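The values are calculated or read from the model by the stated rules, or taken from the named source; none is laboratory data. No experiment lies behind these values; they were computed from the predicted model shown. Reconstructed Cβ throughout: ideal geometry from the backbone, glycine too, with neighbour counts over all protein chains shown. The accessibility values were calculated without ligands, DNA or RNA, using every heavy atom of the protein model including side chains. Shrake-Rupley method; radii C 1.70, N 1.55, O 1.52, S 1.80 Å.
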Amino acid sequence: MTPNDLYQKDGTGLFREVSLPLPVAIVLPVATLLVLLGLLLFPVNQGVLPFSPDGQLGLLLVIMAIQMLALGDTPVGQYRRSRLLMATGIVFAAMGAVSCIVPGLLTGVIQVLLGLLNITGGAVLLTKRLLSMLHDLRNPPTEPVALPHLLKQLLVTQTVLNVVSITFGITMLVPGLAPGTVIAGIVVINGLLLFVLVSILLKIQ
């Protein structure tokens, strides 16, 4: 048996290989985590289920580290996977793991870190998009070009994601600013928007 025989691309039904780009494949568990987390926060706020904030923050930080290490994808944009970025990703992964294992040790630090990263990332990406739109308005093409429908959906989805990211970051920095049910709703919306983003990206490709 050759190595190629172990990874055959044919097959039927559930055993057929899925043509899924790595960036999209990594977004899927993030979206699943956020939707599940948001839904669980509703009974948590009612006192029905116990809650581990350290586990939540640690898991979010570990997933962010995986995105940085695998794709060079950071909250403020995508960059070349330099040694600095790899080192930062490893530090984030270590902090997330410690937070999950030792409750209370890094809770405050990670909460502030995630809050700042979400606010900064959402603001930077939103500003870049707005500046690009202003540039296009000031320098229109000689002939009008119709924006494809899928591209419009992509821009709207990314913009809403940036706004949700900023809102989530603010709630992380200012505990008690919003009721727990509102935060749960924000988390669910964030996860659902990521699923929409994946769907649009797959259609475009």
Provide a single number: the residues in segment 14-35 that are at pLDDT below 80 and part of a helix (DSSP H, G or I). 2
Checking the structure you have, find out if any residue of segment 176-185 is within 30 Å of residue 19 (Cα to Cα), modelled with pLDDT of 90 or more and either open to solvent by less than 50 Å² (accessible area, probe 1.4 Å) or charged (D, E, K, R) (or both). no
Return a yes/no flag: does segment 69-79 have any residue that is within 16 Å of residue 195 (Cα to Cα) and either in contact (Cβ under 8 Å) with a residue 24 or more places away in the chain or among the hydroxyl-bearing types (Ser, Thr, Tyr) (or both). no
Does residue 163 satisfy the criteria of being within 16 Å of the chain's Cα centre (by Cα), in a helix (DSSP H, G or I) and over 15 Å from residue 121 (Cβ atoms)? no
Pairs where the first residue, in segment 103-121, is closer than 23 Å to residue 51 by Cα and the second is small (Gly, Ala, Ser) and not in a helix (DSSP H, G or I), C-beta under 7 Å, 6+ apart: 103/52
Condition broken by residue 64, with the remaining ones in (1) surrounded by fewer than 18 Cβ atoms within 10 Å (Cβ to Cβ); (2) within 12 Å of the chain's Cα centre (by Cα) satisfied: (1)
Just to be sure before I move on: is residue 70 modelled with pLDDT of 90 or more and either of a type in the set (Gly, Ala, Ser) or at negative phi (or both) in the structure I sent? no
